[in-house]
Each structure stands twice: as structure tokens, then as C-alpha cells.
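Structure below; questions to follow.
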């Protein structure tokens, strides 16, 4: 079986600066994979290449064996590659209900529907209910998103991505900025993501990485530094050197 | 041919003098002030009233044509404009259009709807021949004033402490405040200077463009074209932009008169589609 | 939202009541005066309104035992608004006559209404020749551009000008003027080169440079009166006056309203038109004096005289019909003649257009002020376009 | 638990689609004016047309976040197309509207690609430029458009072969009102559809909209084209009901006015354009009857105050008031039936 997501010799240059340096990477089916690295290591560039916000200078990106290197961002989403953002990117003037409804109906190809009211389809309603329960949003569905507590917004951020029913989900620091009191709820939901979704987690928080991931890749200066199981990487002295040297800033 | 080039430059310079105040408020403070023309009109009327009613010589009216709009600008900035810095461009557009309507009606009420004329001094009238081209004296005067302005503005913005503080205040008002910069004073000063420059432009332009209460509406489009085409991140952008537009407009009308009216608009659309940030803007 | 709707409904009702309240009095004859009072052509509106009010003030507001009421409306210079206002005045206020109309499209837009509702439309400003043909109810008291232009061509030909460049604003009246002049001047053996300037055009330099290159004997110019001053200044600034190019044209460029402020640049410009504030007659002296007195020293221009005569025509027409409007009023107006501040005028019974003297004038300084000083008269000029059609 | 959430979801998603009392009242009042304000039909006709024009601007500004200072381009094109058709013998009003809509839609589609990029200011200027170029074209092509004299000699046939336009403007108003209503219903339907929801999401956050898989540019092109068609119909209505077209249908002040109208009424809930048109026109009429020269001063003052008071806040308040109004109504209804629902569960 092809890996869920794969890059081959991925390079991105900005002028003279090499932001992504020949990254060859595999995310296996059903994996819980963490991508770590010090600040400025090129994690964000890497994600932007995967999702199509940036086009690579050279190299290939494959989603379940299919080349998506030149595909437009929204088409990648439609093929099952969804992401969350490090800083919430939500629709402040819409309710969580509308946000989820939008994502679900878009996925079902309803976005071109000019005529029907969005709530009229049974399968959409059922799916929203399921997602709302999974992400503990049922009691805030009708609030304006901008009025939600930060933790709930964070949950919604993941829920929207999940509503795209991804095969591969890229989580960009899902717990960033969440206050301690709401943190547990968030981690529990992340841990409970279904196993048929392959997850790539970009994270600084080592506790979260160790509790969640079964493999870890380390990105340094745009290049893959090392990769292995949690034990291998956490015991690698070079990683500790690179990482601890930087993590003071975090 | 050279005469056309000269006329184009003079016209472009005139556009620049009128628009550079807007370039300052829009480019540096990111405020879309469509009422810019109203400040220009104020300057024009100051000059016209002083000359026609009190017999003040043209040159002496110019400092006042700068000062009066600057003071009006300062007062309005302190009372009204400052509340709108954080608002959307749309809000700013609506607010300043409202001001324009009020200004047009108010001037109409106080000064009448007819054209105001000024008499430039005789030593600025007429033409001389330089290097075989006929050169209008008043146009040369405008070019000179404009040249001085560009240099002065560029100097103030890039070389002085005020300039660097202004840039800091624009980039991030919060951080600037943290550094002990009095952001509101800086903004107020900049706005006042911008308005004053508009007034000066209005006074200088009255001779060529005419002056009546609809001035702010008639020329608003030209100011905006100059600033958006030139790009709003610097003073040199709008300067080059106005030169380009001035020359293109004059040359276009000279060589293909039937298409004359299209040149400036088409040029603007093409530039903005290819370079939405403006022709001479550094990519942000 | 509902509250807003209600509020606006209440507002509309109030406005309606306010308007219909005055419509009750029986023996009133209403005149709807539709003018651009705001926007770029506001000064046209001001001049006409001032003249109309002056006339009413002088002659009283009762005609044939009926009270005259003037309703002034601002159409902002927008044709669809003119039409709507005219329609409202006809339907709601039951006006007997509509008058005003600052620009050609503004005069043309309500023409079908005039025909349909049989309400006379007195055009006091707009000057395109064809206007009176748009409805049999249109009567004009201003002038037509060809009427003012063709005498200019004749004068130019008689005075030894061989080669003339024309420079007109690129819109209806400008093109009219260009055509009329070119046809008349070439017919007399002259040579013409045509230039058109976009209407919104702050800088004339490229066009004036073309003129300078062409080296004509004279430059014939027509631009809307507000722009005339800038044009004159730039003409002189370029030194065209010194290079021996005469400035000629219909009187719009040397509009009396603005002329005195233009300064010496205007000196020597030769124009042909139907009215100068300097016109030497007792009627005109009285008119100018009264007008200035009533309007803070503002000098009446050719728009004002159109408004003044328009009111005169309406008053005299109503006297004849005993206050009746409609077809009878138009018929009464046809063929009427009187002595206006501009000189003797009459309404051509066939075309309903004004027949008047056209004067050749030169800008001169008189008692410290600039005036168009008349030095030749071409009597009883009809609109040459329509005259040519009827032959 | 499951079913109540499902219920919340269902009602929550279709709430926007349901017609509220206030809305019904609005249209009933509008229809009533046909009978109760006969002497105001001319200005009401203009209000209906401007309302439709502002509604079309709301589609792009309120629902997709595209600012435009050149919306008159589409209005003017529609007006000229309808006018020229009628002048050349195709006098059926509805056919004229359809062609006007198609022509404006094509122009909208072509120019939509110009407004996909750049800041608000860039968009303002590009749209403005398009309208200016079009205005200049209309002036130059006077053989077709009548140039500055305006397009004359338009005579319209009866609507559906039945209703002749009359001098009181009653048929004209009824015609404009019905067309506006039909297009409003369509627009209302569209903005609550999944397509409409995706537009709102693009306005709110284009980055996330893309990340949800929405082809942002294509949606923007679609709505811009649609709004252009609406504006074209509004222009067509103006040409047909006034039977005259002049260059100022393309003028800058048209674009600016429609923006003011929409903003006065409030952006982003479709009624803004209609309410704004009523308020603006009545104000203009009252003010200009009161002071023909200086009424613009007061319009300007209102605008300044409106912005200073917080335009969006006011609109939100209006929207909130509407919501509360419906909320109360809904609450009463549910209060009345608690026993039934309990038994069902």
C-alpha cells in the first residue's frame, strides 16, 4: 500500500535562501507522526508546500500514491488533505454550526448549489451532529465564532479540518495558546481521532509529542535531520543538542 | 517633441504636488482620505481670497495656503480622523466622502458656485526659450517647487529622526509606543503636513486647473490614480507615478487625440492588474 | 429593521403631505423650474434661478388674475432625475409650464412628457439645435449653438482669416459648434483643422501645442463655460496670443459671470453671441443693475438672460390665454416678440426657437472691468440648422 | 440528546432561509404603496431601481467582501443595452431586461478577473477605472449611444403585451417592484444556499475558505458575474421606465451613490440596499425640496455621523433587533407546545 503522504526530493528556494532542502519523507497509512524542529527550521514552509500555498522549486508530493505537486490547494483538500493552522483561521462572523455545515457541504460538492437551503440534507445534518459531539461543540453550535472561548475555537479549528473528511490531517501546533484548564479536553479529542486518518503533527510541546506520536521526524535548517520511533529520537543525543539548544526560547 | 515632454513633466509635477499629501496619509498612515481634495480646495481658496480681496501677492499667500489647511487638518485629525485609523478602508472612504460633500456645499454657500480666478504675478507669466524649447515660466516654477518638495520629503522621511519614528509608528504603533514614541503626535503632525501639502498644491494648481466648489470631486480620481499607480510605500513611487501619468497623458493626447481620454484610465488598470501594489512599490 | 421601514414610510408620507398641501389653492398657476443647482453645472442653475426670481419680483406674482407660483427643483445635472422631477411636477403639482433645463440631455429627457401631457417646456439654457424638434411643446429662449457660431464663421471669412483651427470639448454641443463653424467657414473658402478635447481634461497643453504647430490665423474654441477661464489662461501662457493667433468662438468662453475675474488673458478675444452684460440699451442697464443688486454683485450672463426672457415669455403667454396652459399657451408663445435686455427677440412660429440678434464682441477693459464689448450686429438670426432644413 | 442536537442543527442551518414577520411586513408595505401612494410612484420607482442596484452591490460587498467604486459600469451597460434594443424595435420590456442582464453578466465575468487580486484600494481603483473607460466609450460611440445628448426615441411596448406604461408611473413602479421582488427572492435563496454560505466564508477568511476546499476565485467570479447581471437589470429598468438613457448612468456619482445607499441601509443582509434606497431618496427629496442648493451638506453630515457612530455596529444592532423580534415569536410558539414535544421524546 502506498504511503498516505510522501515527498520526494522536495526543495523550496526563496531567492538565495533554501527553506526546504531536499526533503524525502513518508507518512504511513494510519500513522501518528510528529514533525519537530527548532524555530526557523522550515516547518511552516514544509506545510505550505504540502497544502499547496507554495509551489516547490523542485521535487514531488504524492497523496496516497498520486502526484499532487501542481494541484491547486482546494483540490488537495477535496482529495483528502486537510490542515489546521497554528493561529486560528476561523470565520469570526459565522457560527460553528455554519462553519461545519459549510465544510461538510463543500466536501459533498454542494458549494455549487445555488438553490437549496443548507439544512435540508439529512446526511449533512447527521454528519454535523457527529462532528459536533466528537469535538465537544454541541453546546456552542449557535454562538458567533468570535465569541467562543479560546479552547473551543481551537477545537473548532480541528473540527473544520476534520469535517473535510481527510485521509491525511496536518495539525499545526493544535495546543498552542490553549489555557491549562481547557487543555485536557483538547488533547483528549486529538487522541481520539479515528485511526484511519493519518496524522502529521507539527509541535513544540514535547509532552504532547511523546503522548501522541509513534514516529518523529526532526527538521533542521530545512532538511530532514533524523527520523525514528519516539524512543530512538528521544534518546538521540544529537537531537537533544539541536533541540534543547533552541527550546529555551519557546 | 521636447516641448511635449516638458509639458508632460510639468503636468505630472502638478499632479504630484496635489497628490503627495495623499501619498503621505495613504502610503504612510494607510488611511484612504478621499477628502484630500477638500484640503487642496481650501488652500486654493485661501490664495484666491487673499489675492482678490486683500491684494496679497501670490507668493506670500502660499505659506498661508499651506498653513490654513494644515491647521484644519490638524483639528479634524484630533477630533475625527484619529477615530478611524483602525477602521476598514471602506469606512474611511465613506467618512471622507461625507466630508467632501460637506466641504463642497459649505464652500458653495460661503463663496458661491462660480470659478475663482487668480492672477499670477507677471514675472511668472509667459515663456522663455531654453535650449531651443519653449518653456512656460509658471510651469517651470511648478517643476522647481515640486523638485524641492520631493527632495525635502524624501530627506525628512529617510534621514531624520522624525522620519524613522514615523515609520516605526506606522509599522507597529504598539511597539512604537513601547519605545517611548508619541504615536498620536507623530500621526497628527503627519496628517497636518499632508493636508498642508494638499493646500499648497491647490493654490499652485488653481491657475492651471481652475477652482470651484466641485474641485474635490473633480480631481479626486486623479489623486487616487497617481497614488495607487505609483505605489504607496514611498514618496518616490507616487513621484515617478505622477511623472509617468503626466507624460503619458500629454503625449497620448498629442499623438492620438481620439484616444486621449482613455490613456490615463487604461494605464491605471493595466498597472494595477499587473502590479496590485503599484508600479514602484517594493513588495511587502 | 421593521422600525426603520416604518420610519421611512412615515417620512415618505410626511414628504408627500408637505408637497400636496400647497397644491390645494385654486387660482394658482404653477411653473416648475428644473435646474442643476448642485454639481458641476450649478452656476447655470444659479443664474437662471436668480433671473427668474428677479423677473417675478419686478413684475409681481399675479398674471391674468391668477397667482404665479414658482417651484424650483434640483436635478443635479442628471437626466433621469430631470425626467422624474418633471413627471412629478406634472402629475402631482399640476404645473402649467415647466422651464429651466441646463444641458441638452436634461432638456431632451422630459420632451416626451411635454408631448404626452401637453405641458409647454420652456428651455432657458440648453443650446443643441435639435432640442425644439423633440416635442411640439418645447419653446426656447436661450440660443442655439449654430446660431451663435455661423456668424462667427462669416465674420472670420470677411475679416481675412484664411486658416482656422477649431478646438471643442468632445460632447454634443462642442461637436455641434465644430460642425457648424467648419461648414460655414469652408463654404466661404476657409481652411479648417479640427481638434477635440475630452470633457474631463484639466490640462490643455497637448492640444494647444498642436495648435501652435499648425500655426493657424485664428483658433475657434468652444468649451463649457466653467472651463473657459482655464483655457484662456493656458492659451496665453503658451504665448499663442503673441504668435498672432486670434482667439475666436461663441461667447461661452468669455462668459460674463467669469469674465472679469479672468484678467488680462481674456483681452482681445473675439466672440459672437446673443448677450453681453455690456449691451447698450436702457432695458439691459436696468436688468444688469437690478440683477447685481439682488444677487450680491453677481453679473448676469447669457444663462440669466435666457431665464429672464423665459419668464417673460411665460407671463405674456399666460396673459394672452388668461392663465390657460397646454396647447393654447404654446400657440400664444409662437410668434411673440419683445425687447429683451439682449435686444429685440421673437419666437419663430414654425420652429418655436428664438430669433435674435447676434453680436460680434471683443473683450475690453471698461471702467476697470472686463466686458464683451459689442462692435457689430447681425440682426434677426434664426437657427441656421433648422433654416437649412426648411429650405 | 442525539435528536435534540440534530434539531438544533437543522433549525440552525435553515433559520436564515425562513421568512420572518418583519420581512413579510416590509414587502406588504411595499406592495401597499402601489395603492396608497399614487402620487409618489415616480420616486418609488426610482427607489425600487436603486434598491435593486444596491442589492446587487450587497451581493459582492456584503457577501463576498469585494469593494467597488465602479458598479455603475454594469448598471450603465444594462441601461444602454435595454435602451438601444427598445430604440431598434425590440420593445418588449422583459426581453430587454434579459438581454441587459446577459450583457452585463458578460462584462462582469470578464472584468471579475481584474478584482481577484490586490488590496481594497486596488479594487476600488480598478473598478472605478473600468467604469470610467466605459463612460468614455459611451461618449465616443455617439452613433450608437447618442453621446452626450443621451439616447432618445426609446418607446416601450406594453409589459407582457398587457400593461402600457402610464404617465403617473404606476405601471412603471409596479413593474420595477415586481422585478426587484423576484430578484430579491432569488438573491435571498442564493445567499442561504451552500454557495452563499461559501461566499460569506470567503469574506470572513479567504485563507481558511481555501483550506476547507473552496475554490475561492471561481466563487468570486461567479458572484461578481451574478451581481453584474443584477446591476444590468436595474439599469435596464431605469432605461425602460424613464425611456431615456444619458451618459450619467455610467458616471462616477452613480457608483458612489449606490455605495452610500447600501451603507446607509447596512451591508450584508440584503435588505440594506432596499432600506438604504428608501432612506436616501426620501432624504434627498425632502432635503433638496427644502434647500435645493445645499442638500448635499446634510447627506455628507449624515454619512460622517454614521461612520463615526460605527456603521457595522448599527447594522448589527438592526440585525439583532430583527433576530430578537423573531426570537420572541419563536419562543412563544415553543412555549405553547411543551407537552407535545415532551410526549414525542
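The values are calculated or read from the model by the stated rules, or taken from the named source; none is laboratory data. This one's a predicted model, so the numbers in the text were calculated from it and none came from an experiment. Positions of Cβ are generated from backbone atoms using ideal geometry, with glycine treated the same way; all protein chains shown enter the neighbour counts.
Might you check whether a residue that is closer than 16 Å to residue C:78 by Cβ, in a helix (DSSP H, G or I) and in contact with a helix residue (DSSP H, G or I) (Cβ under 8 Å, 6 or more places away or on another chain) occurs anywhere in the range D:265-275?
no
So, one more: Could you tell me whether any residue of the range D:65-78 is within 14 Å of chain A (Cβ to nearest Cβ) and at pLDDT below 95?
Yes: the range D:65-78 contains one or more residues that are within 14 Å of chain A (Cβ to nearest Cβ) and at pLDDT below 95.
Let me ask another. Name the residue that is farthest from residue B:44 (Cα to Cα), counting only residues in the range B:199-230 that are facing another protein chain (nearest Cβ under 8 Å) and assigned to a loop (DSSP other than H, G, I, E, B).
Per the stated criteria, the residue is B:214.
Taking into account only those residues within the range B:97-119 that are more than 9 Å from every other protein chain (Cβ to nearest Cβ) and in contact (Cβ under 8 Å) with a residue 60 or more places away in the chain, which is surrounded by the most Cβ atoms within 10 Å (Cβ to Cβ)?
B:107
Does residue A:154 qualify as being touching a helix residue (DSSP H, G or I) at 6+ places or on another chain (Cβ under 8 Å), in a helix (DSSP H, G or I) and crowded, with 22+ Cβ neighbours inside 10 Å?
Yes.
For a quick check of your reading: which strands (runs of 3 or more DSSP E) sit entirely within the range C:63-170 and have at least 2 residues that are touching a helix residue (DSSP H, G or I) at 6+ places or on another chain (Cβ under 8 Å), modelled with pLDDT of 90 or more and under 22 Å from residue C:30 (Cβ atoms)?
In the range C:63-170, the matching strands (runs of 3 or more DSSP E) lie at C:66-74, C:97-100, C:121-123, C:138-140.
Might you let me know whether the range A:179-191 holds any residue that is in the same structural domain as residue A:216 (by TED's automatic domain parsing) and either touching a residue at least 40 places away in the same chain (Cβ under 8 Å) or under 23 Å from residue D:204 (Cα atoms) (or both)?
yes
Would you mind telling me which numbered condition in (1) facing another protein chain (nearest Cβ under 7 Å); (2) modelled with pLDDT under 90; (3) surrounded by 20 or more Cβ atoms within 10 Å (Cβ to Cβ) residue A:124 fails?
If we test residue A:124 against (1) facing another protein chain (nearest Cβ under 7 Å); (2) modelled with pLDDT under 90; (3) surrounded by 20 or more Cβ atoms within 10 Å (Cβ to Cβ), just (1) comes out false.
So residue C:239 ticks every box in (1) at negative phi; (2) facing chain B (nearest Cβ under 8 Å); (3) more than 22 Å from the chain's Cα centre (by Cα) but one. Which box is left unticked?
Going through the list (1) at negative phi; (2) facing chain B (nearest Cβ under 8 Å); (3) more than 22 Å from the chain's Cα centre (by Cα), residue C:239 breaks only (1).
Right, here's the next one. Looking at the range D:260-270, which of its residues are surrounded by fewer than 24 Cβ atoms within 10 Å (Cβ to Cβ) and within 10 Å of chain C (Cβ to nearest Cβ)?
D:269
Next up: Among (1) at the interface with another protein chain (Cβ under 8 Å from one of its Cβ atoms); (2) at pLDDT 85 or above; (3) surrounded by fewer than 24 Cβ atoms within 10 Å (Cβ to Cβ), there is one condition residue D:8 misses while meeting the rest; what is its number?
Every listed condition holds for residue D:8 apart from (2).
For the range D:135-150: of the residues being more than 7 Å from every other protein chain (Cβ to nearest Cβ) and surrounded by fewer than 22 Cβ atoms within 10 Å (Cβ to Cβ), which is farthest from residue B:89 (Cα to Cα)?
In this case the residue turns out to be D:143.
Restricting attention to the range A:66-88, does a residue exist that is within 12 Å of another protein chain (Cβ to nearest Cβ) and over 17 Å from the mean Cα position of the chain (by Cα)?
yes
If I filter the range C:46-57 for residues that are surrounded by fewer than 24 Cβ atoms within 10 Å (Cβ to Cβ), more than 25 Å from residue C:226 (Cβ to Cβ) and more than 12 Å from chain D (Cβ to nearest Cβ), do I get at least one hit?
Yes, because at least one residue in the range C:46-57 is surrounded by fewer than 24 Cβ atoms within 10 Å (Cβ to Cβ), more than 25 Å from residue C:226 (Cβ to Cβ) and more than 12 Å from chain D (Cβ to nearest Cβ).
Given the residues B:128, B:170, which is the only one that is surrounded by 17 or more Cβ atoms within 10 Å (Cβ to Cβ) and either away from chain C (no Cβ under 14 Å) or at pLDDT below 85 (or both)?
From the options B:128, B:170, the qualifying one is B:170.
Somewhere in the range D:88-111, is a residue within 29 Å of residue B:256 (Cβ to Cβ), within 12 Å of another protein chain (Cβ to nearest Cβ) and either crowded, with 22+ Cβ neighbours inside 10 Å or under 22 Å from the mean Cα position of the chain (by Cα) (or both)?
There is at least one residue in the range D:88-111 that is within 29 Å of residue B:256 (Cβ to Cβ), within 12 Å of another protein chain (Cβ to nearest Cβ) and either crowded, with 22+ Cβ neighbours inside 10 Å or under 22 Å from the mean Cα position of the chain (by Cα) (or both).
Output the residue which, of all residues in the range C:91-115 that are facing another protein chain (nearest Cβ under 7 Å) and more than 21 Å from residue D:149 (Cα to Cα), is surrounded by the fewest Cβ atoms within 10 Å (Cβ to Cβ).
C:92
Still on this model: Is it true that some residue in the range B:231-251 is in contact with a helix residue (DSSP H, G or I) (Cβ under 6 Å, 6 or more places away or on another chain) and at the interface with chain D (Cβ under 9 Å from one of its Cβ atoms)?
yes
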